[in-house]
Structure formats: C-alpha cells, structure tokens
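*Asks:* Following this message is one structure expressed as structure tokens.
The values are calculated or read from the model by the stated rules, or taken from the named source; none is laboratory data. Only a predicted model underlies this, so the values are computations on that prediction, with no experimental measurement involved. With ideal geometry, Cβ positions are generated from the backbone for all residues, glycine too; neighbour counts draw on all protein chains shown.
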Amino acid sequence: MAIKTVGYAASDIGKHRSSNQDSGYCGYQLFFVADGMGGHAGGDIASAIASQRIALADAKSETVEEAIESLKRAILEANQMLSATVVDHPELEGMGTTFSGMLRHGNQMIIAHIGDSRIYLARDGEVKQITNDHTFVQKLVDMGRITPAEALVHPRRSVLMRVLGDVSADPEIDIAIYDAMPGDRWMLCSDGLSGVVPDGVMNRILTSKVPTEEAAELLVGEALEFGAPDNVTVVITDVVRSAVQTEIEPAALFVGSAANEVVIEERKGSKILRLFSPRSLLDLLQTPEDPTQYAPESEELLNKILSETRRKIRFKSARIIASWLLLASALTGIGYIAYEYTQTRYYVSSFEGNVTIYQGIRESLGPFKFSKPYFVSEIEVGTLSVFQQDLIERSISAESLEDAERILDQLREAQNE
Ligand code: CA
C-alpha cells in the first residue's frame with residue numbers, strides 16, 4: 001500500500017531560557033529533533049550545525065541499507081563538524097547535541113537516536129516510546145535501582161551518557177527499523193516536552209484525530225501551560241495513504257536554533273562563529289543555564305547518582321515525619337514540650353532589614369510558626385557583601401545562642417575590614 005507522510009515542526013524557547021538551543025526539522029523523507037547543550041552560545045550552535053548537516057540526508061535511496069548508511073554517515077559527519085568547530089573555537093568546548101530522527105524509506109521508518117530526546121509512536125490508540133534515553137538515571141531505572149518516577153525528578157536527570165559533540169569520534173547511535181502504517185502518528189520531541197507534560201496529556205493529543213499541525217502546536221502549548229522550564233520542540237509525522245489528499249504539502253521546515261544560519265566570520269585573523277540572527281551581547285554573556293551535560297559512563301557516577309536518590313528520599317521522609325509528629329503532638333498536648341524544644345534553637349536571618357537572631361526553628365506548619373525575633377542587631381543587611389546577604393536571606397543555623405552571637409561578631413568584623 002502506497003503511503004506518504006504529513007509532518008509539522010514547532011518549537012518554543014520556553015519560559016525560563018534566554019535562547020532556544022533546540023532544533024527541529026520536518027522534511028520530505030527525514031524528520032528529527034536535536035537538543036543542544038553547552039554554555040553560552042554553544043548549545044544552539046551545536047544543534048544548528050548538526051541539524052543543517054544531517055538535513056542533507058533528506059533524500060530517497062535505492063535500498064533500505066543505503067538509506068541507513070546515508071543517515072548514519074550524515075550523523076557521523078555532523079559529529080566531526082562539531083569537533084572541528086571546537087578546535088577552531090575552543091570557547092565552545094563541551095558543546096554537544098542530542099539527535100533523534102527518522103528517515104522514511106518506502107513503507108519503512110529508519111530510526112536513529114542518541115541522547116535524551118525521544119520518539120513516540122501512536123498506533124491503534126496506543127502510544128509507545130520507542131527510544132531509550134541515554135542518561136545515567138535511565139540506566140539506573142533499567143537496572144531496577146530507581147523508579148521511573150524518581151528518575152523524572154532527579155536533579156541529575158539531564159546528565160547524558162552519549163551525545164554528538166567533541167567527546168567521541170565514533171559515538172554509538174541506536175538504529176532501528178519500523179514498518180510505517182497508515183494511521184500511525186509519530187512524535188519526536190526534546191525533553192522540554194517529555195520531561196514536563198504528563199504522559200496522560202501527551203497521549204490524549206497523540207491519539208486524537210486533530211490535524212498534524214494543530215497537534216504539534218497543542219503539545220507545545222501544554223508544555224507552556226506546565227511552566228516550560230526548558231526549550232520545547234515537537235515534530236509530528238502522520239502516515240497517511242498516498243491517495244488521501246491533504247491540504248498542506250509543506251516544504252522542508254527548520255524550527256528552533258537551526259532555523260538560523262550558522263555563519264563563520266573572519267575578523268582580524270581570528271575566526272568568530274555566530275548564529276546569523278541578532279543576539280544581544282547580554283544573551284551571550286549569560287551564565288549557562290542549561291543543566292544538560294555530558295559525562296563519560298562510569299561506575300562512580302552511577303553510584304553517586306544512586307546515593308543522591310536515596311538521600312533525597314530519606315531527607316524528604318524524615319522531614320515529613322517530623323512535621324506530622326509536631327502536628328500530632330500539638331494536638332495531644334505534648335505540643336508544649338515540642339514547642340519548648342524548638343525554643344532552645346537559634347538561627348540568624350533578617351528582620352526589617354537588620355541582621356537578627358531568631359529563637360526557634362525556621363520551619364512552620366500551616367499557620368503555626370515556631371520562631372520569633374530574639375535580638376535585632378544594628379547590622380544592616382544592605383551593608384554586607386552580596387555573598388553574606390545571600391546567606392542571611394537563606395538564614396544561618398546556630399548551635400546555640402552563643403553561637404548565634406559569634407556569627408554576629410564575625411559579620412561586624414567583616415564589615416570593618
Ligand atoms: Ca533540553
């Protein structure tokens with residue numbers, strides 16, 4: 001049965017990032033997303049370079065073997081281009097990108113994947129994730145050491161074990177082949193979607209009959225609804241019978257960072273690499289905000305991540321138990337003793353702009369507060385260093401009243417220096 005595809009790509013910078021480091025491509029036979037990483041301008045340059053090189057593989061091949069070869073070759077060449085770019089521009093060291101794409105060959109879809117972007121297939125009302133994240137937390141999930149729910153909120157969930165970039169000349173790329181059936185809806189996305197929009201919401205849109213373009217825009221819209229902490233990119237490819245007339249026969253479409261041209265300028269003998277789009281200097285000077293990073297596979301890091309998971313769970317449950325104990329004891333009259341105990345504790349924070357010793361504990365339980373200003377000092381928070389101000393705002397725990405007084409003395413000394 002002759003088939004064809006109807007695709008659409010959408011990308012949004014999200015609500016907390018200053019640049020879009022994702023790229024998406026929706027072409028004729030080829031569809032992909034690439035999520036760049038690296039500080040400053042590195043991430044968007046990486047995903048744009050890789051995208052523009054790999055998009056050259058958007059062509060028909062004679063055989064499926066040839067199609068696989070051409071896709072693989074394009075990916076490895078993109079990887080080489082990233083390394084070469086870093087050689088010329090050492091300030092871009094550490095830049096890299098994920099790549100999750102598919103090349104249609106007749107009635108088959110060739111999947112190529114590296115990193116933590118994802119590909120999903122909605123078929124017969126069911127949605128399946130068909131790629132595996134190349135992350136440390138996913139590895140721990142596969143080993144049964146942590147649960148998928150823990151992985152989803154793990155602080156190191158963005159540490160990747162495999163990427164395209166300047167780390168390996170021969171990165172390992174997952175390749176798979178699927179049959180393409182009329183009615184299939186494929187979705188490729190960056191983790192700004194999969195890590196943010198709950199599966200249920202995503203699946204409802206993917207299994208619905210809304211048109212391709214609308215589905216992609218709806219998904220990006222959901223990511224924004226859920227706060228969009230990261231760039232979000234979605235490519236949807238619907239497989240339809242070739243005889244079906246579709247309204248849109250779109251041309252190849254780049255979205256995100258790859259929608260800009262990468263230009264290498266020669267300026268006073270030193271090459272300057274920049275994206276051919278106006279960027280403010282401020283934007284380039286910003287500290288990296290993307291936690292995504294590459295780390296070579298190691299037992300050590302796996303164990304570290306595992307122990308962090310355990311610590312987080314223990315810490316959380318200890319705090320929950322403590323809060324409930326306090327509430328329960330408050331209700332049974334033992335509360336007085338608990339409250340008395342809290343009043344033997346001290347910490348230093350600010351009160352109406354002055355450094356202040358508080359008696360009690362910072363934690364509060366609904367309307368109940370367990371601390372009060374004990375001594376408001378003459379030290380104005382505004383006269384301290386930014387670092388000290390930050391400490392004071394977050395509050396400094398003291399072992400005792402004497403200890404709290406010592407902290408005040410140290411602040412006074414620092415002021416006089
Ligand atoms: Ca991302």
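*Asks:* Quick check on the range 48-71. Is at least one of its residues of a type outside the set (Asp, Glu), under 30 Å from residue 181 (Cα atoms) and within 16 Å of the ligand (Cβ to nearest atom)? Walk me through it before giving the result.
*Replies:* Residues of the range 48-71 of a type outside the set (Asp, Glu): 48-57, 59-61, 63-64, 67-68, 70-71.
Filter again for under 30 Å from residue 181 (Cα atoms), leaving 50-57, 59-61, 63-64, 67-68, 70-71.
From the residues that got through so far, the ones that are within 16 Å of the ligand (Cβ to nearest atom) too are 50-51.
Yes, some residue in the range 48-71 is of a type outside the set (Asp, Glu), under 30 Å from residue 181 (Cα atoms) and within 16 Å of the ligand (Cβ to nearest atom).
*Asks:* Those residues that are modelled with pLDDT under 70 and charged (D, E, K, R), I need them from the range 295-331; list them, please.
*Replies:* Passing the criteria: 312, 314, 316, 319.
*Asks:* Then there's this: Answer yes or no: is there a residue in the range 41-53 that is farther than 14 Å from residue 257 by Cβ and either of a type outside the set (D, E, K, R) or modelled with pLDDT of 95 or more (or both).
*Replies:* Quick first cut of the range 41-53, residues farther than 14 Å from residue 257 by Cβ only: none.
So far as the range 41-53 goes, no, none of its residues is farther than 14 Å from residue 257 by Cβ and either of a type outside the set (D, E, K, R) or modelled with pLDDT of 95 or more (or both).
*Asks:* So, residue 60, is that one modelled with pLDDT of 95 or more and of a type in the set (Lys, Arg) or not?
*Replies:* Working: modelled with pLDDT of 95 or more: no; of a type in the set (Lys, Arg): yes.
No: the conditions fail for residue 60.
*Asks:* Right, residue 368: in contact (Cβ under 8 Å) with a residue 24 or more places away in the chain and loosely packed, with under 13 Cβ neighbours inside 10 Å or not?
*Replies:* Numbers: in contact (Cβ under 8 Å) with a residue 24 or more places away in the chain: yes; loosely packed, with under 13 Cβ neighbours inside 10 Å: yes.
For residue 368, the condition - in contact (Cβ under 8 Å) with a residue 24 or more places away in the chain and loosely packed, with under 13 Cβ neighbours inside 10 Å - is met.
*Asks:* Tell me, which strands (runs of 3 or more DSSP E) lie completely within the range 104-219 with 3 or more residues that are buried (at least 19 other Cβ atoms within 10 Å of the Cβ) and either among the β-branched types (Val, Ile, Thr) or touching a His at 6+ places or on another chain (Cβ under 8 Å) (or both)?
*Replies:* Working: elements: 108-114, 118-123, 126-129, 174-179, 185-189.
Fully inside the range 104-219 and qualifying: 108-114.
*Asks:* Could you grab me the full set of residues in the range 71-89 that are without any contact (Cβ under 8 Å) to a residue 24 or more places away in the chain and either among the polar types (S, T, N, Q) or crowded, with 18+ Cβ neighbours inside 10 Å (or both)?
*Replies:* Selection gives 74 alone.
*Asks:* Can you name the residue in the range 109-137 that is touching a helix residue (DSSP H, G or I) at 6+ places or on another chain (Cβ under 6 Å) and not basic (Lys, Arg) and, of all such residues, is nearest to the ligand (Cβ to nearest atom)?
*Replies:* First, pick out the residues of the range 109-137 that are touching a helix residue (DSSP H, G or I) at 6+ places or on another chain (Cβ under 6 Å): 110, 112, 116, 118, 122, 125, 127, 136-137.
Right, trim to not basic (Lys, Arg) and you get 110, 112, 116, 122, 125, 127, 136-137.
Working: 110: 24, 112: 19, 116: 8, 122: 22, 125: 29, 127: 21, 136: 16, 137: 15 Å.
Restricting to residues being touching a helix residue (DSSP H, G or I) at 6+ places or on another chain (Cβ under 6 Å) and not basic (Lys, Arg), the top hit is 116.
*Asks:* Here is a follow-up. If you scan the range 220-260, which residues turn out to be at pLDDT 90 or above, among the hydrophobic types (A, V, I, L, M, F, W, C), over 22 Å from the mean Cα position of the chain (by Cα) and surrounded by fewer than 20 Cβ atoms within 10 Å (Cβ to Cβ)?
*Replies:* The answer is 240, and nothing else.
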